[in-house]
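The values are calculated or read from the model by the stated rules, or taken from the named source; none is laboratory data. Please read these numbers as outputs of a predicted model, since none were measured by experiment. Don't worry about glycine lacking a Cβ; one is built from the backbone with ideal geometry, like all the others, and counts go over all protein chains shown. For accessibility, only protein heavy atoms count, side chains too; no ligands or nucleic acids. Shrake-Rupley method; radii C 1.70, N 1.55, O 1.52, S 1.80 Å.
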Amino acid sequence: MEPNCSAEGQAPQNVPSRVCNAGKEAGDRPDLLSKHSFINRQLNFLPEEPQTCTDLNSFVQKPRLERTSSLDELIWRRRRLFRMSQDSLRDPPKMGSLNGSLEDSQGRFPTTQPPPPLELEGSFSALRTTNRIDPDCGDYHRLCSGVSFPRASSSWSDSQLHSRGGMVCDDYGASSSSAGSMKSSFSLLTPIRVRDVRNRSYLEGSLLASGALLGAEELNRYFPDRRIGIFVATWNMQGQKELPEVLDDFLLPSEPDYAQDMYVIGIQEGCPDRREWEIRLQETLGPHYVLFYAAAHGVLYLSVFLRRDLIWFCSEVEFATVTTRIVSQIKTKGALGICFTFFGTSFLFITSHFTSGDGKVYERVLDYNKTIQALALPKNLPDTNPYRSSSGDVTTRFDNVFWFGDFNFRLNENREAVEQILSQGPKADLSKLLEHDQLRKEMDKGSIFKGFQEAPIRFRPSYKFDVGMDSYDSTSKQRTPSYTDRVIHRSRHKDDIHAVKYSSCLGIKTSDHRPVYGLFRVRIRPGRDNIPLAAGLFDRELYLIGIKRRITRELQKKQALKNQKTSAVCSVS
């Protein structure tokens, strides 16, 4: 016999057997009938005059009276079901199944809560993007208000909402005045928690500690590949008062697509007005760079420019000098060194002017030995690797060392042979000239610049030119063209310094030397917050003067161009 739900074992009239069966099954699972009733009631699947079994009242609660759902509400519910199903297919572990997404934490359906207005569809939990935002910013999504969301007809995805509006936020209402005043401006800067400001101490921290100013987290934020670009240049000005009008070809060569992060310029026999020279450098580099530090030793100048964003990650700067010609009252020969730590990597920059003369190789080696022994650096900065340092060689106390200047090493070859090779133009084999280079020979013997490397030389000798001309020395001395100006480097770790370009600037003709520069990619390591920080100090006065000059120059160019266009040529017939 087919099972019944009536007291006598027979089905009541006008009640289908499947309803009775569902009621009996619901007796075992009370939640099943409520689910079926909710779905049928919302989607209008029930008959107009439903009949109930006589015994259903014993185990089924009477439905509460509700207002009739409007057409907009039904459309909203169906669209929400569709959106939920799509989200669950895209992200099953997080969204769960379709049925699960309709339930609350206690397994009940939100049948008694009215739907939100249509224009607030973007605030649904399924469309929020807070779980895809940096965890450090996650607590701030509730502070944002006044965000306009797309209407129900919009088909924006979560990623589109995130890209258009930053963070999708809740509104706490008018009672939270502080939250209402902190409307999100969708800035790229990471918000800072109040508790972090209260508790963080940047004076202590390890390499991997969260919040360390010089640690790995901060380093990866600015340099994901942990490498920075450094421009290192040397130029013997010959003491000329006249400075080049434009330094763009020198500091900003056209071949690299991007400017470097750090600019270090060493000068020998500098111009009398050192301040004017530094202003010209600031004017050329523009407002993105600041003069981090500058020092002088007689007519030896050394300037370090940094991107404004990076001055917070540098230690205090220390410098020292060495004089190799004691008799001279004017310090024309010697060395000037500047050192500092950037994140966890220590740098030493040395510019030198060695003894001149074709045959004075031994004297130049003595200048080198005196410099590495007498240059007293570092003073207060902690050594990043003291076990690999030597008290007799300053270059072993730093991770990366750049030594550049007028080393005055010549070519041991007669001028006719050198000019014959150079006359071949761009196809000239410069390696034949370097076979006679004094510096290369001494480095191969190990008597000078131990552990240093130099990028391949593919430019013409930088000395000695006629001032303002492209021809070499035409005086009675007829000096042999030579590679006196060099940029060499040394690192504690192998392959930490990669030379990108090594060349000279032939457009600067105010001296008998041509500037020589190198572009390098240098590996940076995270550090500890135990170094004395420079606290963002830079030469503000120089910065303002350089920027004002740059603006004035641009205005003069525009005015000249305007006058040229408005000028008329009159002809008399």
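Filter the range 460-517 down to the residues that are polar (S, T, N, Q), open to solvent by 20 Å² or more (accessible area, probe 1.4 Å), more than 32 Å from the chain's Cα centre (by Cα) and closer than 30 Å to Ile372 by Cα and list them by number.
Of everything in the range 460-517, just one residue is polar (S, T, N, Q), open to solvent by 20 Å² or more (accessible area, probe 1.4 Å), more than 32 Å from the chain's Cα centre (by Cα) and closer than 30 Å to Ile372 by Cα, namely Thr480.
Among the numbered criteria (1) within 30 Å of Leu381 (Cα to Cα); (2) modelled with pLDDT of 95 or more; (3) acidic (Asp, Glu); (4) in a loop (DSSP other than H, G, I, E, B), which single criterion is violated by Glu541?
Here Glu541 clears every test but (4).
Glu442 passes all but one of (1) open to solvent by 10 Å² or more (accessible area, probe 1.4 Å); (2) touching a residue at least 40 places away in the same chain (Cβ under 8 Å); (3) under 24 Å from Val500 (Cα atoms); (4) not in a loop (DSSP other than H, G, I, E, B); which number fails?
(3)
Can you go through Trp277, Trp312 and tell me which one is of a type in the set (A, V, I, L, M, F, W, C) and within 30 Å of Arg528 (Cβ to Cβ)?
Of Trp277, Trp312, the one residue that is of a type in the set (A, V, I, L, M, F, W, C) and within 30 Å of Arg528 (Cβ to Cβ) is Trp312.
Of all strands (runs of 3 or more DSSP E) completely enclosed by the range 298-366, which ones contain at least 1 residues that are more than 22 Å from Val394 (Cβ to Cβ)?
Values: elements: 300-307, 318-323, 334-342, 345-353.
Output list reads 300-307.
Return the total of residues in the range 241-263 being surrounded by fewer than 19 Cβ atoms within 10 Å (Cβ to Cβ) and not in a loop (DSSP other than H, G, I, E, B).
Residues meeting the conditions: 2.
Has the range 236-245 got any residue that is closer than 30 Å to Arg525 by Cα and not aromatic (Phe, Trp, Tyr)? Steps first, please.
First, pick out the residues of the range 236-245 that are closer than 30 Å to Arg525 by Cα: none.
Within the range 236-245, not a single residue is closer than 30 Å to Arg525 by Cα and not aromatic (Phe, Trp, Tyr).
Let me confirm something: among Arg364, Arg280, which residue is of a type in the set (Lys, Arg) and within 37 Å of the chain's Cα centre (by Cα)? Let's see the steps before the verdict.
Numbers: Arg364 fails: within 37 Å of the chain's Cα centre (by Cα).
The match here is Arg280.
Say we look at the range 370-389 and pick out the residues that are part of a helix (DSSP H, G or I) and without any contact (Cβ under 8 Å) to a residue 40 or more places away in the chain; which of these is surrounded by the most Cβ atoms within 10 Å (Cβ to Cβ)? Spell out how you get there, then give the answer.
Applying the first criterion (part of a helix (DSSP H, G or I)) to the range 370-389 yields 370-374, 386-388.
Checking the rest, the ones that are also without any contact (Cβ under 8 Å) to a residue 40 or more places away in the chain come to 372-373, 386-387.
Working: Ile372: 20, Gln373: 13, Pro386: 8, Tyr387: 5.
Filtering the range 370-389 for residues that are part of a helix (DSSP H, G or I) and without any contact (Cβ under 8 Å) to a residue 40 or more places away in the chain, the one surrounded by the most Cβ atoms within 10 Å (Cβ to Cβ) comes out as Ile372.
Just wondering, is there one or more residues in the range 230-239 that are within 30 Å of Leu366 (Cβ to Cβ) and either open to solvent by 10 Å² or more (accessible area, probe 1.4 Å) or among the basic types (Lys, Arg) (or both)?
Just the residues of the range 230-239 that are within 30 Å of Leu366 (Cβ to Cβ), to begin with: 230, 232-239.
Of the ones still in play, those that are also either open to solvent by 10 Å² or more (accessible area, probe 1.4 Å) or among the basic types (Lys, Arg) (or both) are 238-239.
So far as the range 230-239 goes, yes, one or more of its residues are within 30 Å of Leu366 (Cβ to Cβ) and either open to solvent by 10 Å² or more (accessible area, probe 1.4 Å) or among the basic types (Lys, Arg) (or both).
Which is modelled with pLDDT of 85 or more, in contact with a helix residue (DSSP H, G or I) (Cβ under 7 Å, 6 or more places away or on another chain) and either part of a strand (DSSP E or B) or within 22 Å of Leu306 (Cβ to Cβ) (or both), of Gly270, Gly229? Can you show your working first?
Working: Gly229 fails: in contact with a helix residue (DSSP H, G or I) (Cβ under 7 Å, 6 or more places away or on another chain).
The unique qualifying residue is Gly270.
If you scan the range 390-426, which residues turn out to be of a type in the set (D, E, K, R), under 39 Å from the mean Cα position of the chain (by Cα) and part of a helix (DSSP H, G or I)? If you could, list the steps in order and put the result at the bottom.
Of the range 390-426, the ones of a type in the set (D, E, K, R) are 393, 397, 399, 406, 410, 413, 415-416, 419.
The next check asks that each one be under 39 Å from the mean Cα position of the chain (by Cα); those that pass are 393, 397, 399, 406.
Passing the criteria: only Arg397.
Could you list, in sequence order, the residues of the range 506-522 that are assigned to a loop (DSSP other than H, G, I, E, B) and not aliphatic (A, V, I, L, M)?
First, pick out the residues of the range 506-522 that are assigned to a loop (DSSP other than H, G, I, E, B): 506-515.
Correct list: Gly507, Lys509, Thr510, Ser511, Asp512, His513, Arg514, Pro515.
Out of (1) of a type in the set (A, V, I, L, M, F, W, C); (2) more than 20 Å from Tyr543 (Cβ to Cβ); (3) without any contact (Cβ under 8 Å) to a residue 60 or more places away in the chain, what's the single condition that is false for Leu252?
Result: Leu252 fails condition (2) only.
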